[in-house]
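The values are calculated or read from the model by the stated rules, or taken from the named source; none is laboratory data. Because the structure is a prediction, the values reported are computed rather than measured. A quick note on method: Cβ atoms are made from the backbone with ideal geometry, for glycine too, and the neighbour counts reach across all protein chains shown. Accessible surface is based on the protein model in full, side chains and every heavy atom, while ligands, DNA and RNA are left aside. Shrake-Rupley method; radii C 1.70, N 1.55, O 1.52, S 1.80 Å.
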Amino acid sequence: MAKILIVDDEAQVRFTLAEVLTDAGHQVIAASGGAEALRLADDELDAVISDLAMPGMDGLELLAALRQRDASLPVLLLTARGSERVAVQAMKAGAYDYLVKPFDIDEIVHALGRAVEARLLRREQRRRLAERGLDRPIVGDAPALRRVLDMAARIADRELPVLVLGETGTGKELIAGLLHAGSRRARGPLVRFNCAAIPEQLADSELFGHARGAFTGASAARRGYFAQADGGTLVLDEIAELPLAIQAKLLRALQSGEIQPLGARVEKVDVRVVACTHRDLRAEVAAGRFREDLYYRLAVLELRVPPLRERREDIPVLADSFARRYAARFGLESVQLAPELVASLVARPWPGNVRELENCMARLVALSSDGRIGSEALAESATVGPGNLRAQVEAFERGLIEQALRAAGGNHSEAARRLATSRVTLLDKLKKHGLQGV
């Protein structure tokens, strides 16, 4: 089912098209003119069918406005017989196709089907390219996730700062990586800086660098994160935690492309900044904890990553993906999630979002014994604290190593091969588990 916007100033045409397309299984919204269509258009639209000649904003003007928002959105134009030359001009301007009034119903349904299919193919191509750039799969296809992925793909190549908002554990770092992978900077460095992980007195040096002797203990010059990201993208995680004094220097770097390492001269850098936060930056500005001018500089382009409760339809595929990942990590042949377990996972609130779900699946897989995980495992795993879980995972790992060594007759290289790891890693784990003499 696709979401289609019909735009025509004739009520009968809107009604006829709506009836036909609804019968074909599509979701239809209708507008009587271009201005109303722009108000109704959202990121979930799959195609637009618009009359060419309308009072006020005509089809050509609507086409231009829609393409400015989303150049990949297919727009089909309806034109009166005799004005095909104008329709051809519209196609040169970016229209997907045109149909002549009075139109044939089957022809419209067929043309719309091709348009929707083309949009889906482009979306899938963008996803594959993004996954290739990230070197990891993007799991999920809920509309809420699709919207933010499509928006990220559209703005990835815009040379402007981006502010990525979202609750803890939603995957803001994934979106930041997508923005880099889809930009002209993809071959440049992608550098991440966690603003909350560095004490205030070190943040200046970490971000902008320092010269030798700039302060006590600075025995050598150091390139800051901005310099390291030159020609690429700098992701500032937890931007709301950045001290106010450093916010001023960050604003200067964004405005002028200049940084000044401690004890050194001003340097020019070419860096795109992607800032991430789970906080409401407007509220932080109102409270005096975040600079208003910096907020507006960062929020030129803004993306909101949806929480897991807004994309529950993705929970089954996410849970399965995490289960398979941790089964492979723990050396299990396969893991099967019982339908009642999946239903319980979908019903949970997940305040920690995708990260919480991943941790839950790691725990369930680590505690599984026969490869099948039922809903009762949720209750059992809830009694296992972080410390107990760590101990059980380590005991599980030790057991796998002992089993591999026995099967390999004590040969470390063969045991490492059976465990799909390197001999060096195996020796490290033997030492960790006190199995050096094995």
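Cut-off 10 angstrom, C-alpha nodes, Gaussian network model of the chain. Which of Leu318, Leu298, Leu202 fluctuates the most?
Judging by the Gaussian network model, the answer is Leu202.
Extension gain Arg265-Arg372, at 0.36 nm per residue separation less the Cα-Cα distance, in nm? Let's see the in-between values first.
Details: separation 107, 0.36 × 107 = 38.52 nm, distance 6.20 nm.
Going from the current span to full extension adds 32.3 nm.
Averaged per residue, what accessible area in Å² does the chain show with a 1.4 Å probe, protein chains only? Before the final figure, lay out the partial values.
Numbers: 22000 Å² over 438 residues.
With all protein chains present, the chain gives 50 Å² per residue.
Taking GluC sites (Glu not before Pro) as exposed when DSSP calls them loop (any state but H, G, I, E, B) and at most 12 other Cβ atoms lie within 10 Å, what is the longest stretch of the chain free of them, the sites themselves excluded? The partial results should precede the final answer.
Numbers: sites that count: Glu159, Glu333.
Here the longest run is 160-332.
Could you give the nm distance between label points at Val424 and Glu117, where each point is 7 Å from its Cα heading toward the beta carbon?
It works out to 5.2 nm between the two label points.
Rounded to the nearest 10 Å², what accessible area does Leu419 show when all protein chains are kept and the probe is 1.4 Å?
Spelled out: Leu419, probe radius 1.4 Å, area about 60 Å².
Over the Cα atoms of segment 233-367, compute the convex hull volume and normalise it per residue, giving Å³. List each step's numbers first, then the result.
Values: hull volume 22.6 nm³, N = 135.
Given the Cα convex hull of segment 233-367, per-residue volume reads 167 Å³.
Assign unit charges at the C-beta atoms only (+1 for Lys and Arg, -1 for Asp and Glu), then state the dipole size of segment 106-164 relative to its Cα centre in Debye, rounded to the nearest 20.
Working: 13 positive and 10 negative charges, 36 e Å.
Computed charge dipole of segment 106-164: roughly 180 debye.
Using 1/(1 + (r/R0)^6) with R0 = 25 angstrom and r between the beta carbons of Leu134 and Arg184, what's the FRET efficiency to the nearest 0.05?
Numbers: r = 17 Å, r/R0 = 0.66.
Efficiency, from the Cβ-Cβ distance: 0.90.
Tilt of helix 315-329 relative to the longest C-alpha principal axis of the chain, in degrees (0 to 90, nearest 10)?
30 degrees
Suppose only helical runs count, i.e. DSSP H with n ≥ 4. What mean residue ellipticity at 222 nm does that imply for the chain under -39500 (n - 2.57) per run, divided by all residues and rounded to the nearest 500 deg cm²/dmol? Show your work: numbers first, answer last.
Numbers: 19 runs with 217 residues, N = 438.
It comes out at -15000 deg cm²/dmol, rounded to the nearest 500.
If each Cα of segment 81-171 is one equal point scatterer, what is log10 of I(q)/I(0) from the Debye formula at q = 0.15, 0.16, 0.19 Å⁻¹?
Relative scattering, expressed as log10 I(q)/I(0), comes to -0.80, -0.86, -1.01.
Cα centroid distance between segment 132-155 and segment 257-310, in Å?
The two parts, judged by their Cα centres, are 22 Å apart.
Leaving out ligands, DNA and RNA, what percent of the accessible area of segment 88-189 is carbon and sulfur, probe 1.4 Å?
C and S fraction of accessible area: 52 percent.
At Thr168 and Tyr296, where each label point lies 7 Å from the Cα along Cα→Cβ, what is the point-to-point distance in nanometres?
Each label point is offset 7 Å from its Cα along the Cβ direction, giving 3.2 nm.
HN-Hα J couplings of segment 192-197 from phi, Karplus 6.51/-1.76/1.60, θ = phi - 60°, integer Hz, Gly and Pro as x?
10, 10, 8, 5, 8, 9
Given a Förster distance of 41 angstrom, what is the FRET efficiency for Leu435 paired with Ser344, based on the Cβ-Cβ distance and rounded to 0.05?
Numbers: r = 38 Å, r/R0 = 0.92.
Once rounded, the FRET efficiency stands at 0.60.
Could you list the trypsin sites (Lys or Arg not before Pro) in segment 205-263 that lie in coil according to DSSP, counting only those with at most 14 other Cβ atoms within 10 Å of their Cβ? Before the final figure, lay out the partial values.
Working: sites: Arg212, Arg222, Arg223, Lys249, Arg252; in loops: Arg212, Arg223.
Qualifying residues, ordered by number: Arg212, Arg223.
If I take R0 = 51 Å and measure r between the Cβ atoms of Ala220 and His110 in this structure, what FRET efficiency does the formula 1/(1 + (r/R0)^6) give, to the nearest 0.05? Don't jump to the answer; show the numbers that get you there.
Working: r = 69 Å, r/R0 = 1.34.
Computed FRET efficiency for Ala220 and His110: 0.15.
Could you identify which residue out of Leu332, Leu76, Leu190 has the top mean-square fluctuation in a GNM of the chain using Cα springs shorter than 10 Å?
Residue with maximal mean-square fluctuation among Leu332, Leu76, Leu190: Leu332.
Which net charge results for the neighbourhood of Ala176, defined as the other residues with beta-carbon distances under 10 angstrom from its beta-carbon, given Lys and Arg at +1 and Asp and Glu at -1? Write down the numbers at each step before the final one.
Details: positive: Lys172, Arg192; negative: Glu173, Asp237.
Net of charged neighbours comes to 0.
Using the structure shown, select from Lys3/Lys172; Lys3/Lys101; Lys172/Lys431 the pairs with a Cα to Cα distance greater than 30 angstrom.
Working: Lys3/Lys172 27 Å; Lys3/Lys101 23 Å; Lys172/Lys431 37 Å.
Pairs exceeding 30 Å: Lys172/Lys431.
On a 0 to 90 degree scale, rounded to 10, what angle separates helix 143-155 from the longest Cα axis of the chain?
Between helix and principal axis, roughly 80 degrees.
Would you work out the Kirkwood radius for the chain? I mean one over the mean of 1/r across all pairs of different Cα atoms, in Å. Please list the in-between numbers first.
Details: mean 1/r = 0.0386 Å⁻¹.
After inverting the mean inverse Cα-Cα distance, the result is 25.9 Å.
Under the rule of at least 5 residues apart or a separate chain, name every residue whose amide H is placed under 5 Å from the amide H of Leu78.
Ser50, Asp51, Leu52, Leu99
Quantify how much of the Cα-Cα distance distribution of segment 1-53 extends past 13 Å, in percent. Mind dumping the intermediate values first?
Values: 717 of 1378 pairs.
Percent of Cα pairs beyond 13 Å in segment 1-53: 52.
Taking the Cα atoms of segment 291-354 alone, what are Rg (to one decimal) and Dmax (as a whole number) in Å?
17.6, 54
Mind jotting down a quarter of the surface of the convex hull over the alpha carbons of segment 170-220, in square nanometres, one decimal?
Over every viewing direction, the Cα hull of segment 170-220 projects on average to 5.0 nm².
Whole number please: convex hull volume per residue of the Cα set in segment 237-281, in Å³? Could you put the intermediate results ahead of the total?
Working: hull volume 3.7 nm³, N = 45.
Hull volume normalised by residue count: 81 Å³.
Can you tell me which of Val162, Val274, Val424 moves the most in a GNM of the chain? Springs connect C-alpha atoms under 10 Å apart.
In the Gaussian network model the winner is Val424.
For segment 312-358 and segment 168-202, what is the centre-to-centre distance using only Cα atoms, to the nearest Å?
Their Cα centres are 26 Å away from one another.
Pick out, in residue order, every one of the trypsin sites (Lys or Arg not before Pro) in segment 88-193 that is DSSP loop and has at most 14 other C-beta atoms within 10 Å; say none if there are none.
Values: sites: Lys92, Arg114, Arg119, Arg122, Arg123, Arg126, Arg127, Arg128, Arg132, Arg146, Arg147, Arg154, Arg158, Lys172, Arg184, Arg185, Arg187, Arg192; in loops: Arg158, Arg184, Arg185, Arg187.
Passing both the DSSP loop test and the Cβ count: Arg158, Arg184, Arg187.
Whole-Å semi-axes of segment 164-289's equivalent ellipsoid, largest first, each the root of 5 times a Cα gyration tensor eigenvalue?
Details: eigenvalues 115, 71, 32 Å².
So the equivalent ellipsoid measures 24, 19, 13 Å along its semi-axes.
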